[in-house]
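I have placed the structure first, in the form of structure tokens, so that the comments after it can refer back to it.
Just so you know, all these numbers are worked out from the coordinates, no wet-lab data involved. If you're wondering where the values come from, they're calculated on a predicted model, not measured in any experiment. Here the Cβ positions follow ideal geometry from the backbone for every residue, glycine too, while neighbour counts run over all protein chains shown.
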Amino acid sequence: MSLIPTSAVAEHASRDSCWIIVHSKVYDVTEFLDEHPGGSKIILKYAGGDATEAYEPIHPPNAILDNLPIEKHIGAIDPNTVVKVVKQVTEADKRRQALMDARPPLDEILNLHDFEAVAKVVLPEKAWAYYSSASDDEITIRENRAAFQRVWFRPRILRDVSSVDWSTTILGCKSSLPVYISATALGKLGHPDGELNLTRAAAKHGVIQMIPTLASCSFDEIVDAASPGQPLFLQLYVNRDREITKKYVQHAEKRGVKALFITVDAPQLGRREKDMRMKSVDDSAGAKVQENQSGVKKDQGVSRAISSFIDPSLSWKDIPWFRSITNMHIILKGVSTPEDAILAYEAGCQGIVLSNHGGRQLDTSRSGLENLVDIVAALKQRGPWPNPNFSVFVDGGVRRASDVIKALALGASAVGIGRGFLYAFSSYGQEGVERAIEILRDEFEMNMRLIGARTISEIVPDMVDASALHSHVGITPSDNLYNGTYQPLGTAQFRQA
Ligand code: PPY
């Protein structure tokens, strides 16, 4: 196939004929303009030119292959015609670089809140808005933290805690911590190496990473970056086209992924207003809002823009189908009630994650920690407990080893941390993730000694007082570190007069 000169691409720079270059390939996106979940305006900005830089961080690697008919793939660009453009360094770039240079040294980062505070300052506004946002009034994201503070320790003493061990097994895989790295999307918004920061740090420290469906790096890039035998889990958004999902799942199994975490709390994406406002600030002159096929308006922020492939028809009837296409462990991520926990157990799943999606889905839903109490009680009625064939995980708001220990005491098998690690690599790359793991390790050592548990199995319900957990009124101590980083929601902005 002949190579295409950049001058030929430049001739297609209008709504009537729109070609763009992504990763040195030329695509005719004219007919796709009105289908683009992110709106046509952003594509037209790059019409006739190279869109790679804008495209890369917010699109899964196979987005074009999945969405653009093959006849619209025009060919490869002629490299001899590409003029290397020296990137303009903007004032904002300079400011950000200065802030990066002034970051606190890593050894002065003492807890996971510190990473969040640094990320808030050094991340591009859009990335911070996307990562930190939660749905509606952001009640649930804050409740996720508050719930941990309604559980108090009942430590045991004089137990010879000279040696303590917090390693464990998660779904048959060894883990140096009772914590796994939960899936968060679009890692390259935070750092050029995206999710690979997590993979490499996890390899070094014996931690398990859950690969997100909507990672910025491709699934294979992530698996290729893992060390031999490194356990990996996969988070799954189920596609409207089940053949795509089947291929993806079976490919993951072939590549050695140990467990499939099917996201079940996002048939439609929550309205994350910080993220949405960022988009409307960008399109200040009141971009014309259009609807795409799924009814998602095109001014609704990064996440809603790319979510239309997710199948809202997913139901309990699909679980046997998943069982028929894979032998991996099947875990439902996003369970909130004993009723659904029992259904998952009876459907033959190997576990559930008690999660409200980091407060990004149904606002004012309860925290996973609070739901854990009721769900464990219900599961105890149904089968053996602890049940080696059915794991209960919790995520949401976890920042300290003491949070993890509370969840374990109440019956969790392990706990997921998403944003904590995301902020660690957004602010310090792989080293940040490694430091986060070390901090958790230090906190585990101290907390296990102080509550009198030498191993994970010695962390028992009697070590916590959860009697206030269901109480949604009353005094919770103010969480200073968290509140210091928490960014209050804003209101609609006037245009420049
Ligand atoms: C989230 O943003 O909460 C996600 O789970 C990831 C995502 C990103 C974009 C579209 C759909 C889901």
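A few notes on this one:
- Partners for K247 among lysines (Cα-Cα distance below 28 Å; same-chain residues under 8 apart left out): K25, K72, K174, K188, K258, K317, K333
- With Cα atoms defining each centre, region 157-214 and region 469-488 are spaced 26 Å apart in the structure.
- Farthest positive-ward along the chain dipole, Cα basis, beta-carbon charges - from L372, S176, G359: L372
- Which of F444, A409, V394, positive extreme of dipole for region 394-494 (C-beta unit charges): V394
- When each of the peptides 131-141, 180-190, 153-163, 106-116 is scored by the mean number of other C-beta atoms lying within 10 Å of its residues, the order from highest to lowest reads 180-190, 131-141, 106-116, 153-163.
- Fraction of antiparallel bridges per DSSP, the chain only, in percent to nearest 5: 35 percent
- Relative packing of peptides 236-246, 309-319 - highest average C-beta neighbours within 10 Å first: 236-246, 309-319
- Selection from V473, V433, T455 lying farthest towards where the dipole of region 419-491 points positive, charges on Cβ: V473
- Taking a ≥ b ≥ c as the square roots of the eigenvalues of the Cα gyration tensor, an a/c ratio of 1.5 or more together with a/b no larger than b/c marks region 394-456 as oblate.
- Here each label is just a point 7 Å from Cα along the line to Cβ, and for I139 and T364 those points are 0.4 nm apart.
- Cα-centre dipole for the chain with unit charges at Cβ (Lys and Arg positive, Asp and Glu negative), debye to 20: 460 debye
- Span per principal axis, largest first, for the Cα atoms of the chain (Å): 78, 52, 44
- About its Cα centre, region 338-497 has a charge dipole of approximately 240 debye under the convention of +1 per Lys or Arg Cβ and -1 per Asp or Glu Cβ, with nothing else charged.
- Annotation note: trypsin sites (Lys or Arg not before Pro) in region 36-115 located in DSSP loop regions with a Cβ neighbour count of at most 11 within 10 Å are K84, K87.
- If you take all other residues with their beta carbon under 11 Å from the beta carbon of A259, and give Lys and Arg +1 and Asp and Glu -1, the sum is +1.
- Per-residue Cβ neighbour rank within 10 angstrom, fewest leading, I43, I170: I43, I170
- Computed packing ranks the peptides 363-372, 62-71 as 363-372, 62-71, most packed first, by mean other Cβ atoms within 10 Å.
- Between D462 and R382, the FRET efficiency from the beta-carbon distance, with R0 = 22 Å, is close to 0.45.
- Alpha-carbon centroid distance for the pair region 1-53 / region 357-384, whole angstrom: 47 Å
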